[in-house]
Amino acid sequence: MIKENENKLMLSDELISNKIYFIRDKKVMLDKDLAELYGVLTGNLNKAVKRNIKRFPEDFMFQLTKNEFENLTFQFGISSWGGTRRLPYVFTEQGVAMLSGILNSDRAINVNIQIMRIFSKIREMLTDNLSIKLEIEEIKKKLKNQDKNIELVFSYLDELIEKQENPTPRKQIGFKPGNNK
């Protein structure tokens, strides 16, 4: 959903979130999607990037392999890219931030701010999930130790029960009446 208020473009968080993918273990956005959000042609976006290529090292932007691109289009069922001639470029969070330096329209600036906020929210969610997973693992370890301790208690109880059922005769000690030796 796109709203324009007082020269400020507002995109829904969901719209932007749906355009963030995990490829090569990185959160990335496709050049086509970014161009659409910025209101420019994909070719023009890529030309601006190529004019400023020193700002986009491999960890900021990379081109998808044919296999990655096919996997991505397969996820959507029918390709929405139409007849693309080149494999798309994808931009990491740092790459998207760098785009703000080369795209200076008001729309690009506002969209970029929103995208950066969404990336931050995703990072927070992943961090929260990680801390929850770590806490769960800690609880599992404690439960495993509890199981071992309970097993130990039961084995001691079994030993005590066995000794009670099969008592060994005890040798009496101390004074014995009628024994005058």
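The values are calculated or read from the model by the stated rules, or taken from the named source; none is laboratory data. This structure is a prediction, so every number in the text was calculated from the model and none was measured. Ideal geometry is used to build each Cβ from the backbone, glycine not excepted, and the neighbour counts take in all protein chains shown.
Quick notes on this structure:
- Residue within region 120-137 that is within 30 Å of LEU37 (Cα to Cα) and among the hydroxyl-bearing types (Ser, Thr, Tyr) present: yes
- Only residues that are among the hydrophobic types (A, V, I, L, M, F, W, C) and in contact (Cβ under 8 Å) with a residue 40 or more places away in the chain were counted across region 56-70, and they come to 2.
- Candidate set: region 133-180, residues that are modelled with pLDDT under 80 and of a type in the set (Val, Ile, Thr); chosen: the one nearest to the chain's Cα centre (by Cα): THR168
- Some residue of region 83-93 being at pLDDT 85 or above, in a strand (DSSP E or B) and either among the polar types (S, T, N, Q) or more than 26 Å from LYS121 (Cβ to Cβ) (or both): yes
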